[in-house]
Amino acid sequence: MSRRGLTAAFAGLALAGLVAAAALHPGPARSQAAPAPAEPQLVARGAYLTAAGDCQACHTAPGGQPFAGGLPVKTPFGTIVSANITPGGIGDWTPDQFYRALHQGVDDEGKHLYPAFPYNYYTLLTRADSDAIFAYLKTLPASSNHPNRDQLPFPFNIRFFVRFWNMLFLKEGPFQPNPGKSAEWNRGAYLVEALGHCQACHTPSNFLGGPKRGQAFRGGAFPGWFAPDLTPNRRTGLGSWSRADLIEFLKTGRNAHAQASGEMGEVVADSTSHLTDADLDAIATYVTDRPASPAVQVKAPEPAVMRQGEAIFVDSCSACHRMDGRGTPRFFPPLVGDANLQQRDPTTILRFIEGGVATTPTPSAPTPLAMPAYGWKLTDDQVAAVATFVRNSWGNAAPPVSVGQAAKVRKALTFGPGPTGAAQQHGRLAHPGPETWSTPNTMSSDNGGANAGRAAPAGSGAGNGGSSQGHPAGVTAGGPG
Ligand code: HEC
Ligand code: HEC
Ligand code: HEC
């Protein structure tokens with residue numbers, strides 16, 4: 001999982017090399033006798049809070065035992081591996097030590113943890129909630145997994161340096177309610193800011209990887225992704241969503257406007273879909289109570305690029321998203337007025353087009369829906385053109401996508417198996433497999449329809465802007481795929 005915490009971790013470490021300040025290393029927290037078995041109520045509350053904190057997403061390796069850690073997080077500096085937080089990993093910790101880990105980002109021995117673990121948000125947790133989570137984690141089956149977590153090369157392996165990052169970006173909690181707001185608003189703020197750590201992805205970061213607090217929720221980049229603007233901006237944010245739309249999205253992973261996949265799909269499946277209706281209401285109250293991000297003037301794209309993009313859209317995309325871009329809400333998302341599509345940074349959209357994407361199923365919306373990968377059949381130039389077209393048609397407006405941006409995303413997707421998402425995307429890019437509904441000699445325009453899988457007429461070059469295609473050997477050049 002390429003979570004934004006990484007950027008933060010490494011920027012912080014890089015900074016540490018430059019800053020020469022001295023402060024005391026926190027000593028180990030005093031150990032206590034193991035507590036008596038926790039009451040079922042406390043454990044149940046802990047399970048709920050653990051879901052709200054999405055701890056499982058990072059603490060589970062692909063195919064591994066939940067919470068047993070070992071998920072490798074690759075970065076240009078090395079790999080940070082998540083910890084085993086079953087009793088096999090933190091079984092002899094005290095509740096004090098556990099609270100201190102969430103609150104200050106240090107382990108049982110007082111060693112600094114990297115901010116790839118988002119303790120700069122969990123610091124806002126109350127002591128009571130930390131104790132409940134700990135009580136729940138203690139009931140999990142113990143795993144003996146001991147992933148090698150110190151795989152960073154010198155000098156990034158010096159955990160002590162994280163202190164300098166903390167000096168700049170760790171504002172210690174716990175959460176202080178805002179007395180000028182309702183109890184519901186404050187509950188929402190606690191869920192979003194502390195447990196949900198939504199800002200870790202949805203807020204832009206500065207050059208040191210710390211959140212730009214003045215631009216909270218205006219959309220943020222993290223390796224391979226761009227998490228969209230969540231302010232009430234009508235074009236790029238949630239301005240055209242109703243409260244009910246937001247609640248439906250967080251509960252089921254879809255609504256009339258959008259569908260959750262990839263990183264957000266995991267957030268919905270593992271976390272927000274488990275929340276009570278009252279808590280989802282509270283989140284909606286908090287998230288919608290902020291000013292809209294400023295409107296940005298957008299330069300109109302070149303007419304020739306729009307014509308090239310339109311031809312590709314008609315051939316490859318309109319079967320699902322329809323000629324008028326209205327799609328079939330909750331199945332094939334509408335592109336008209338789609339906020340995610342109109343972000344300043346097109347990374348997420350480019351990875352969907354090049355690598356394919358599947359809507360994450362949730363218990364209340366279990367139907368799997370997928371969009372095939374186009375990276376293997378469209379060149380960077382064609383991907384840029386179709387992305388520019390959909391970002392600027394039917395009233396949409398967003399900066400044109402450059403060939404360089406399409407190439408950069410392609411390179412990251414083909415980088416090879418790494419964090420979960422990247423590994424899946426890698427397979428899809430190499431050859432569209434069953435999960436993408438598209439196989440090399442079939443008509444992509446049939447995808448999602450009754451004729452899906454129909455063989456492509458030999459030598460037809462339907463659409464795709466008439467440009468030559470750069471897909472791998474073994475696929476007929478010019479074939480519509
Ligand atoms: C974004 C990914 C991510 C999320 C979400 C996350 N963690 Fe972690 N966590 C990590 C990583 C990575 C480490 C290892 C950090 C290191 O080695 O410096 C870690 C380390 C820890 C540790 C230290 C364990 C040890 O043996 O040192 C604890 C405790 C912990 N996490 C608990 C939690 C809890 C509880 C939650 C949910 C409330 C949570 N984590 C959510 C990524 C995450
Ligand atoms: C690990 C990073 C990450 C975290 C944490 C995260 N999100 Fe997201 N979110 C994304 C990405 C990436 C997208 C765009 C992809 C998608 O919609 O499938 C997204 C999309 C969304 C959307 C849809 C917006 C649109 O215009 O389509 C909403 C709403 C949303 N997130 C709300 C939240 C809330 C509320 C939280 C906290 C509870 C949260 N997110 C936490 C990464 C994240
Ligand atoms: C087989 C049907 C199908 C075809 C063909 C298809 N898509 Fe999609 N598309 C989907 C589905 C399903 C999703 C929702 C995936 C998700 O984000 O959960 C989607 C999502 C998207 C999104 C993201 C919307 C959002 O808000 O997150 C964009 C942009 C998009 N498609 C553009 C295209 C383009 C451009 C093409 C042609 C090159 C195309 N699609 C072809 C089914 C299709």
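Restricting attention to the range 92-102, which residues are touching a helix residue (DSSP H, G or I) at 6+ places or on another chain (Cβ under 7 Å) and more than 7 Å from ligand 1 (Cβ to nearest atom)?
Residues satisfying the conditions are 95, 99.
Okay, residues lined up against (1) in a loop (DSSP other than H, G, I, E, B); (2) modelled with pLDDT of 95 or more; (3) within 12 Å of ligand 1 (Cβ to nearest atom); (4) among the basic types (Lys, Arg):
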{"position": "2", "(1), (2), (3), (4)": "yes, no, yes, no"}
{"position": "6", "(1), (2), (3), (4)": "no, no, yes, no"}
{"position": "16", "(1), (2), (3), (4)": "no, no, no, no"}
{"position": "26", "(1), (2), (3), (4)": "yes, no, no, no"}
{"position": "43", "(1), (2), (3), (4)": "no, yes, no, no"}
{"position": "80", "(1), (2), (3), (4)": "no, no, yes, no"}
{"position": "88", "(1), (2), (3), (4)": "no, yes, yes, no"}
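Of the residues 336, 287, 296, 305, which is at pLDDT below 95 and more than 9 Å from ligand 3 (Cβ to nearest atom)? Please lay out each step first, then the result.
Working: 336 fails: at pLDDT below 95; 287 fails: at pLDDT below 95; 305 fails: at pLDDT below 95.
Result of the check over 336, 287, 296, 305: 296.
Exactly one of (1) more than 9 Å from ligand 3 (Cβ to nearest atom); (2) surrounded by 21 or more Cβ atoms within 10 Å (Cβ to Cβ); (3) modelled with pLDDT of 95 or more is unmet by residue 422. Its number?
Every listed condition holds for residue 422 apart from (3).
Hey, can you tell me all the residues within the range 106-130 that are away from ligand 2 (no atom under 16 Å from the Cβ), acidic (Asp, Glu) and closer than 26 Å to residue 201 by Cα?
Residue satisfying the conditions is 107 alone.
Outside the structural domain of residue 283 (by TED's automatic domain parsing) and out of contact with any Pro (no Cβ under 9 Å at 6 or more places or on another chain): is that true of residue 41 in this structure?
yes
Mind checking which pairs have a first residue in the range 88-101 that is free of Cβ contacts under 8 Å to residues at least 12 places away in the same chain and a second that is of a type in the set (D, E, K, R), Cβ under 7 Å, 6 or more apart or different chains?
none
Could you tell me which numbered condition residue 235 fails, if it satisfies all but one of (1) in a loop (DSSP other than H, G, I, E, B); (2) farther than 16 Å from residue 335 by Cα?
The single condition residue 235 does not satisfy is (2).
Just one of the numbered conditions (1) more than 16 Å from ligand 2 (Cβ to nearest atom); (2) over 22 Å from residue 248 (Cβ atoms) is not true of residue 355; which one?
Among (1) more than 16 Å from ligand 2 (Cβ to nearest atom); (2) over 22 Å from residue 248 (Cβ atoms), the lone unmet condition for residue 355 is (1).
For the range 358-368, which positions are surrounded by fewer than 24 Cβ atoms within 10 Å (Cβ to Cβ) and in contact with a helix residue (DSSP H, G or I) (Cβ under 9 Å, 6 or more places away or on another chain)? Before the answer, list the steps.
Initial filter on the range 358-368 (surrounded by fewer than 24 Cβ atoms within 10 Å (Cβ to Cβ)): 358, 360-368.
Within the range 358-368, 358, 360, 361, 362, 363, 364, 365, 368 qualify.
Condition check: charged (D, E, K, R), in contact with a Leu (Cβ under 6 Å, 6 or more places away or on another chain) and either outside the structural domain of residue 161 (by TED's automatic domain parsing) or in contact (Cβ under 8 Å) with a residue 40 or more places away in the chain (or both). Does residue 129 satisfy that? Can you show your working first?
Details: charged (D, E, K, R): yes; in contact with a Leu (Cβ under 6 Å, 6 or more places away or on another chain): yes; either outside the structural domain of residue 161 (by TED's automatic domain parsing) or in contact (Cβ under 8 Å) with a residue 40 or more places away in the chain (or both): yes.
Yes.
Return yes or no: is residue 436 at pLDDT below 50, among the hydroxyl-bearing types (Ser, Thr, Tyr) and either within 16 Å of ligand 2 (Cβ to nearest atom) or not assigned by TED's automatic domain parsing to the domain that holds residue 353 (or both)?
no
Residues that are in contact with a Gly (Cβ under 7 Å, 6 or more places away or on another chain): list the helices (runs of 4 or more DSSP H) wholly contained in the range 137-218 that include at least 2 such residues. So that I can check it myself, show each step before the final result.
Details: elements: 162-169, 183-190, 199-202.
Correct list: 162-169, 199-202.
So which residues in the range 231-270 are farther than 18 Å from residue 217 by Cβ and of a type outside the set (Gly, Ala, Ser)?
Once the filter is applied, which keeps residues that are farther than 18 Å from residue 217 by Cβ and of a type outside the set (Gly, Ala, Ser), the range 231-270 yields 248, 251, 252, 254, 255, 259, 266, 270.
Condition (residue is closer than 28 Å to residue 71 by Cβ and either more than 14 Å from ligand 3 (Cβ to nearest atom) or part of a helix (DSSP H, G or I) (or both)) applied to the range 372-384: is it met by at least one residue?
Within the range 372-384, none of the residues are closer than 28 Å to residue 71 by Cβ and either more than 14 Å from ligand 3 (Cβ to nearest atom) or part of a helix (DSSP H, G or I) (or both).
Would you check if residue 187 is touching a residue at least 60 places away in the same chain (Cβ under 8 Å), in contact with a strand residue (DSSP E or B) (Cβ under 7 Å, 6 or more places away or on another chain), away from ligand 3 (no atom under 16 Å from the Cβ) and of a type in the set (D, E, K, R)?
Values: touching a residue at least 60 places away in the same chain (Cβ under 8 Å): yes; in contact with a strand residue (DSSP E or B) (Cβ under 7 Å, 6 or more places away or on another chain): no; away from ligand 3 (no atom under 16 Å from the Cβ): yes; of a type in the set (D, E, K, R): yes.
No; evaluated as a whole, the condition is false for this residue.
Looking at this structure, is residue 366 more than 22 Å from residue 407 (Cβ to Cβ) and away from ligand 2 (no atom under 15 Å from the Cβ)?
Values: more than 22 Å from residue 407 (Cβ to Cβ): yes; away from ligand 2 (no atom under 15 Å from the Cβ): yes.
Judged against the criteria, residue 366 is a match.
Being under 30 Å from residue 285 (Cβ atoms) and either in the same structural domain as residue 250 (by TED's automatic domain parsing) or crowded, with 21+ Cβ neighbours inside 10 Å (or both), is that true of even one residue in the range 138-147?
Of the residues in the range 138-147, the ones under 30 Å from residue 285 (Cβ atoms) are none.
Checked against the condition, which is being under 30 Å from residue 285 (Cβ atoms) and either in the same structural domain as residue 250 (by TED's automatic domain parsing) or crowded, with 21+ Cβ neighbours inside 10 Å (or both), the range 138-147 yields no hits at all.
The values are calculated or read from the model by the stated rules, or taken from the named source; none is laboratory data. As the structure is a prediction and not an experimental result, all values here were calculated from the model. No Cβ is skipped: glycine too gets one built from the backbone with ideal geometry, and neighbour counts run over all protein chains shown.
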